[in-house]
Structure formats: structure tokens, C-alpha cells
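One structure below.
The values are calculated or read from the model by the stated rules, or taken from the named source; none is laboratory data. All figures in this text were calculated on a predicted structure; none of them were measured in a lab. Positions of Cβ are backbone-derived with ideal geometry, glycine not excepted, and every protein chain shown enters the neighbour counts. Areas reflect the complete protein model, heavy atoms only, side chains present, ligands, DNA and RNA absent. Shrake-Rupley method; radii C 1.70, N 1.55, O 1.52, S 1.80 Å.
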Amino acid sequence: MAVSVSSSRRGNLPVEVTSFIGRRRELADVRSLLSESRAVTLTGVGGVGKTRLALRLAGELHRAFSDGVWLVDFSGLNDSTLLVPTVAAALGLSDAAAPWRVSRLAEHLAEAQILLVLDNCEHVVTECALLVDALLRSCPQLRVLVTSRQPLGVNGERVMQVPSLSIPRSDRPSPTTDTLMRYESVSLLAERATAAFPGFVVGPDNGEAVARLCSRLDGIPLAIELAAVRLRALSVHQVLDRLEDRYGLLRAGSPAAMPRQRTLRALIDWSFDLLTAREQLLWARVSVFAGSFELDSVEQVCADDTLPVESIAGLMAGLVDKSVVVREDHGGQARYRLLETIRQYGLDRLQEVGGQAQLLRRQRDLYLRLVLRTEAELFSPNQVAWYQRLLAELANIRAVLGYCLTEREAAGAGQRIAAALEPLWCAGMVVEGRRWLQRLLAFDTTPSADRMRALAVAGRLATLQGLDAERLVLLAEGRILAEKLGDDTMVAHLTTTEGLAELLHGRPSAVEPLEEALATYRTIGDLFGTAVTLTHLSSAWILHGDTDRAEALCQEILALSEAHGERWCAAHAWLTLGLIAWHKRDVRRAGDFGTESVRLRQPFGLSWAVAFSLELLAWLANAQGQSARAARLLGVARTGWRSLGAPLPVTIVNDHERCLTELRKALGPSAFEAAVQEGQALPLDEAVTFALGVKPDHGAAQAEPGAVATQLTRRETEIAELVADGLSNKEIAARLVIAQRTAECHVEHILIKLGYTSRAQIAAWVAGSRDR
């Protein structure tokens, strides 16, 4: 089933793109169980449709849960200690300040009206049971729907074994076509077969064979879908004959196997045998991927003299056509994955044919190259794309880091990978990143450049978590190695971390180490290090009370970011400028800058990263008399602060408390709390849309174009003139000899500053200015 994420729902359920057949009784039964119990587990053999049933019911119930319906897929999770962080990540929560332990997750969800769908739990069933039991005890409005091959065994759990689809009975007379189509298994076979071979129909000439085939397949959906693909080249009778021959051999050879297990194994075996030798080999090899993967990854890991790289695309297409590999669309990019049953079969085959060690080494090298390429793109127009690629590859990256903890020769590569992932860890996965680095540093203590980088990043993560003692130990060893190796970049990194620690403690003394690090970054030409240090330094100068210097540093960040198409540091600069404008009582600029910060941070999908900016927008809305809007924005921001797991920054506590007091007075306690709850219930995408969709009410100032003109930079004024002349972004870029993306950013900034939504409004504003 191809999957894309729907932003129209509160949650992360995949959108169905193939029809859902039957299961009316099962849907009603599970719905009834969920009304009686807060924990329901769907059990059954692999391939029986547990996941599809759970997702269909969850989709039908999403309106009943004000805080959303959320899917957590454990199929690619090999380290049970990451169970809770995986749940937190699926919920869009950051682990930046503290570990996502069960108790913390329970506290976060304590008042949430939410349905959690925990999928593929059988290999972490003990850990899942402990998690579910703790959450149910602490979260009275939480319900959990689990799919597993065995029950969790928690108190109050209701278990339903998912049956196969209904099949024609062999002791009944030959049914008519209409009667046959009433059986769920026949309906599924007919629909999937028609998709594979449009000329297929169930009729008098094949009805009996269809009935026998569905019966032989025990109504197992996965088996039926695999068989349906065969009808592209074979008749129903031929498929049935070949299946019965194989099933008889299996039954004779493995009398202890359960009938349904023999059936599914027979189908997968047969599907495997019907492939070409190269397709079989590729199936086995791609099984090393723990999550979804791209074609170029397959080419780099699986190709060799036996499977030339130029053959991989065609072979993958064949595996997709034969329902071995599932193709998914992720933002317009094709990715692939194996259903867990199919993947485990492939791994078994890989053990037989050999070569797994070499594949794992290639996979290690692939993801090392990937994260190093991401490092190189940190300060470029491709920043967001590479960040999102890392998120898409997270399951595979985890698998590679796990591999690096089993092979001594791979330890250095593991340390380098974990260190290169610093942006991902710092953005919202601090606890997981720190844990990987701790294990990798302990696994191999040999002094090296890789260890030095890992120490530096581990020290940065410890700093973000407030672990001062650990930070000092890590940074001390890292500095010794950096000075011994003469690595100025790492010396600057370590010095920046020392300044960051001072900054997080609210100490103006942060300026000195940050200035020292900045000088080094400028000398060696490290743009990303320069921009990040400038963001910290601008905040440090605010602690000194020098807002003019802080503002100048923010302008430098924006110039750097604009020149290189970067977003993350630019967002921080806009936020800092917004806070400065707020304290200067410049409401218009504070609103524009805060809104721009939210817009730039949105693609990173981090609920805590936008909390600061949304907090500022809430203060502004309150100041403009938009009390209900302000309360909703505070609700969204509250979710962000909670996901961060840290108290409000010292610098904003007074403004935050003042805003709360004024809103409670303006709205009344009940209306205030209701509005805050509405904000908390908004998913991140909808919250950002809400924050960006309603422009601040600038009153009379907005009606006076001359007052706005002073807010546009010289370049923005020039581009506004070109927009009014009818030039496209591409034409503007050519005229001014700048990148098209830079021109687009300028136009977006102009729209935000003017409070407009279209180029036509810019043109009208320019015309009005010219008339004066």
C-alpha cells in the first residue's frame, strides 16, 4: 500500500490508496471492545491483516479523539530501549532536554484524549506491556490499540484474534458468481487480480477454482494478494495446481507447522521461486534495510558483478510488480519497503546465500556518506531536503549504528556517523543521540579524530540537557584530542559549547567564549559554525543589555543565510529580532519577525522549535486585543514547551506570566482554559497554519503605505518594484543576478512585512507609493 501522510487529520495515520475489503463484523467488534476497555490487542498470524484492520478503525474513530489518533510502528525497531523515544517521535515530541522515559511520556499524555495505535509489537512485547500499563494508569482518557502476534498481558486488556477473510465452504454446492462475490476473500482476490490483469473476471468458467483457491489460501489477505499477482500470467486453475503441489510438500515435510503458517510459507516460497534468479537475490539483499529506502541506496548496497548496478532499477520494478516490495511516495520522492513478513523471509534467504557481512559493511559506508553529505549541506538551499532525508532514513541509520557496536573495525565509523548527526540530535532527539554516542565512545576508547568529534557532540548534547558534570568530562577529553590533532574546527566547537552552557544558565559571561569561537570560525571559513555561534552570541548580548549589538549580529546571520539559502539559523535571527522589537514596543515589526521565524522553522516539523516564536505571537495578539487567538497560540506553545521537557527560558517568564494574567481577566477562567485547550489540540501543521494564516491587526498603520515602506530593505523595495512591473521570480533573479530561490525569499518577506497574500497586492501598493 502506497502511503502518504494526511495533514487534514489530527494524527499521523497513512492514507489508504487501495480499497478496504470486508471486515464489517471485525470493525464493529473492535469498536465495541474499545468502548469497553482502554487497551485492545489484535492478534493473529502474519499477513492476516491486523495492521490494516487497526488503521481502518483508527481512521473511522479519529473524530472521537480531540488530541488525535497516532500510529507508532515498531517493525523496524531492533533496540527495545528506544521504544519510548520511538513513541515520542511518532507523536512529534522532542527529547531535547530530558530522556523520554515512560514516566515523562505518561506525564505528557496525562490529560490527552488520544488513541495510540502500536503496530508490530511481538518482538518487543514485554517492553510494550510495561509502557501500556504505565500509560493507562496515568492517562485516564488514553486508549491503546495494539497489533501483535501475542497479547501484551496487561490488566484490562481485551484481545481479539483477527480471523481470516470469509471463504467459500467446500461442503456446499457450487455457488453462483453473485454468491461467490459475497465472500470477502473472493472480493479481495477479484479486485487485486483485476488491478494486475484488467481482463480478469470471476465467472462460471473459473468460479469453482476461485472458491478452491481462496479456501486453500485460508482467506489470508497477504496470501491472496500474492496469488492475485500470479493471475497476470497464469489462470486460476494453474495457480491453484501449483499451490496445491507446493502445499502438499510442505505439509509432508513439516507436520508440526500450523496450517496457516504452512499456507503463507507456501505462497511466499512459490512467489520466490517464480522470480528470476536475480530478483530472488535482490529480494534477499534488500532485506538488510530496516525501514524504507531509496533506489540509489539499493544500487550502492546491493549491486555487484552478479547484480550490476544498471540492472537494479528494472529488478526493483519487477519486485514491485510482483508485490514483494511496496512502493511509497514521500513528498514526491519514491521510496520502497518490505512488509515485515516478507523482510524476515528475505533475511532467511540471505543467510542461505551468504554475503550478509559484506552488505552490512556497504550499508555502513552508505549511511556514513549520507550523513557526511548532510553535514556539507547544512548551510545551503538543500538544508531542509537533507534534514528530511535523515528523518526518512532514521530506521536504517539506527540499524547501522547498532551494527557498528558489534564490529570493532566499524566503531570509528559509528562514532563519525553519530557525530555527523548532531543537527538531527540537537533539533529534537537529544536523548537518543547522547545514548548512541555514550555506547559508541565506551565500545572503542582508541584516541582518534572520530572519537574527538564524538566527544565534542556528546558534550554539546549533555549541555542541552543540563548535565554539567558530564559535559566537563567530555569537553576536557575532546579538547586534549583537538589540540593534539591541531583541529581548529573542533576547538571552536568545544568553545562554543562552553559559551552555550553559560548562556543556558543566564550568565552574561557567555560572551567571551562565544566571541573566541566566532573568531576561529571566521578564520577557517566555517559558515555553519559561524552562523550558529552568532545565534548564541546575539542572545548573550541581550543578557548584557546591548540590544543594538544583538540586532546587528542578527542582521549578519540573515545576510549569511540569505546568501546561502539557509533557514534554521535565519529563523533564530528573526525570532531574536522579534523579541527585541517586542521589548521596544514595536508591535508591527515584532509580529512580522515572529511570523517569519515560524514560517522558516515549519519544514523541520519540530513542535518545540516553534514554541518560542508562537509564544511571542501570543503576546502580540494579546496586546492587540485578540484574546481568544492569543490563548490558542499559548496552548500551541504550551505543547511545545512540554515536549521540550524544560521550564520556560528565564528571559521570557515575566512576559509569559503577564500574558496569562491578562488573558484570564479578559476571557474569564473557563473561556481562557477552553481556548488554550483548543490550541493544545492542534497538530503542528494546523497550528503553524493558524499562526501564519491570520495577520496581526496593525490598525491604522497598515492603511498608510508610507509607514510600511520604511520597513522594507533597499533590496526588498527594488524587488517590490520589479514585481509591480510584472516580472516573475525567475525574471527578477536574472535581472538582479541572484539565485531564483533568493528572489522567492525576498518576495515572501515582502508579503509578510506588508501583511499581503498576493503579488497583485504588492503591485497595487507600489502603484500607490508611486502616485504619492
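Observations on the structure shown:
- For segment 527-572, filtered to residues that are charged (D, E, K, R) and in a helix (DSSP H, G or I), the residue that is nearest to Glu744 (Cα to Cα) is Glu562.
- The combined condition, being assigned to a loop (DSSP other than H, G, I, E, B), within 30 Å of Asn12 (Cα to Cα) and either hydrophobic (A, V, I, L, M, F, W, C) or open to solvent by less than 10 Å² (accessible area, probe 1.4 Å) (or both), is not fulfilled by Val320.
- Note on segment 471-488: residues that are within 17 Å of Thr445 (Cβ to Cβ) and open to solvent by 50 Å² or more (accessible area, probe 1.4 Å) amount to 7.
- Taking every residue in segment 378-394 that is of a type in the set (Lys, Arg) and pairing it with any residue that is in a loop (DSSP other than H, G, I, E, B), at least 6 positions away or on another chain, the pairs with Cβ-Cβ distances below 9 Å are Arg389/Glu294.
- Residues located in segment 561-604, provided they are of a type in the set (Phe, Trp, Tyr), free of Cβ contacts under 8 Å to residues at least 60 places away in the same chain and either open to solvent by 30 Å² or more (accessible area, probe 1.4 Å) or touching an Asp or Glu at 6+ places or on another chain (Cβ under 8 Å) (or both): Trp574
- The residue list Ala611, Ala631 contains one member that is out of contact with any Ser or Thr (no Cβ under 8 Å at 6 or more places or on another chain) and aliphatic (A, V, I, L, M), which is Ala631.
- Only one of Asp245, Asp241 that is among the acidic types (Asp, Glu), modelled with pLDDT under 80 and open to solvent by 60 Å² or more (accessible area, probe 1.4 Å): Asp245
- Lone qualifier among Ser138, Ser164, Ser148 - being over 17 Å from Thr51 (Cα atoms) and polar (S, T, N, Q): Ser138
- Selection status of Val154, of a type in the set (Val, Ile, Thr), in a helix (DSSP H, G or I) and at pLDDT 90 or above: no
- Segment 489-513: number of residues that are at pLDDT below 95 and of a type in the set (Asp, Glu): 1
- Any hit, segment 23-44, residues being farther than 15 Å from Gln141 by Cα, assigned to a loop (DSSP other than H, G, I, E, B) and modelled with pLDDT of 90 or more: no
- All of Trp608, Trp582 fail the test of being at pLDDT below 90 and farther than 21 Å from Leu560 by Cβ, apart from Trp608.
- Filtered residues of segment 623-634 (kept if out of contact with any Leu (no Cβ under 6 Å at 6 or more places or on another chain), surrounded by fewer than 24 Cβ atoms within 10 Å (Cβ to Cβ) and in a helix (DSSP H, G or I)): Ala623, Ala628, Arg629
- Failed condition for Gly207, given (1) at pLDDT 85 or above; (2) surrounded by fewer than 23 Cβ atoms within 10 Å (Cβ to Cβ); (3) within 43 Å of the chain's Cα centre (by Cα): (3)
- Test for Gly59: is it out of contact with any strand residue (DSSP E or B) (no Cβ under 7 Å at 6 or more places or on another chain), open to solvent by less than 30 Å² (accessible area, probe 1.4 Å), part of a loop (DSSP other than H, G, I, E, B) and touching a residue at least 12 places away in the same chain (Cβ under 8 Å): no
- Near pairs, Cβ below 9 angstrom, 6+ apart or cross-chain, from segment 231-242 (more than 16 Å from Leu188 (Cα to Cα) and of a type outside the set (Gly, Ala, Ser)) to any residue that is at pLDDT below 85 and open to solvent by 90 Å² or more (accessible area, probe 1.4 Å): Leu234/Arg242
- Among the residues making up segment 170-191, those that are free of Cβ contacts under 8 Å to residues at least 40 places away in the same chain and open to solvent by 20 Å² or more (accessible area, probe 1.4 Å) are Asp171, Arg172, Pro173, Ser174, Pro175, Thr176, Thr177, Asp178, Thr179, Met181, Arg182, Tyr183.
- Condition check for Ala385: crowded, with 20+ Cβ neighbours inside 10 Å, small (Gly, Ala, Ser) and part of a helix (DSSP H, G or I): no
- Total residues in segment 285-302 satisfying the condition of being touching a residue at least 12 places away in the same chain (Cβ under 8 Å), part of a helix (DSSP H, G or I) and within 21 Å of the chain's Cα centre (by Cα): the figure is 2.
- When segment 489-523 is limited to residues that are closer than 20 Å to Ala376 by Cβ and under 34 Å from the mean Cα position of the chain (by Cα), the one that is surrounded by the most Cβ atoms within 10 Å (Cβ to Cβ) turns out to be His493.
- Leading residue by the ranking (surrounded by the most Cβ atoms within 10 Å (Cβ to Cβ)) among those in segment 136-153 that are in contact (Cβ under 8 Å) with a residue 40 or more places away in the chain and farther than 19 Å from Leu109 by Cα: Thr147
- Index of the failed condition, Arg260 passing every other in (1) modelled with pLDDT under 90; (2) assigned to a helix (DSSP H, G or I); (3) open to solvent by less than 50 Å² (accessible area, probe 1.4 Å): (3)
- Spans of helices (runs of 4 or more DSSP H) in segment 401-453 with at least 3 residues buried (at least 22 other Cβ atoms within 10 Å of the Cβ) and without any contact (Cβ under 8 Å) to a residue 40 or more places away in the chain: 411-420, 430-443
- The single condition from (1) closer than 25 Å to Arg658 by Cα; (2) open to solvent by less than 60 Å² (accessible area, probe 1.4 Å) that Leu537 fails is (1).
- Residues located in segment 348-364, provided they are touching a Leu at 6+ places or on another chain (Cβ under 8 Å) and either in a loop (DSSP other than H, G, I, E, B) or surrounded by fewer than 16 Cβ atoms within 10 Å (Cβ to Cβ) (or both): Val353, Gln356
- Of all residue pairs spaced 6 or more apart or on separate chains, those with beta-carbon atoms under 8 Å, a first member in segment 326-347 that is closer than 15 Å to Asp269 by Cα and open to solvent by 20 Å² or more (accessible area, probe 1.4 Å) and a second member that is hydroxyl-bearing (Ser, Thr, Tyr) and part of a loop (DSSP other than H, G, I, E, B) are Arg343/Ser287; Gln344/Ser287; Leu347/Ser287.
- Failed condition for Phe74, given (1) buried (at least 20 other Cβ atoms within 10 Å of the Cβ); (2) of a type in the set (A, V, I, L, M, F, W, C); (3) more than 21 Å from the chain's Cα centre (by Cα): (3)
- Residues located in segment 265-286, provided they are hydroxyl-bearing (Ser, Thr, Tyr) and either surrounded by fewer than 19 Cβ atoms within 10 Å (Cβ to Cβ) or at pLDDT 95 or above (or both): Thr276
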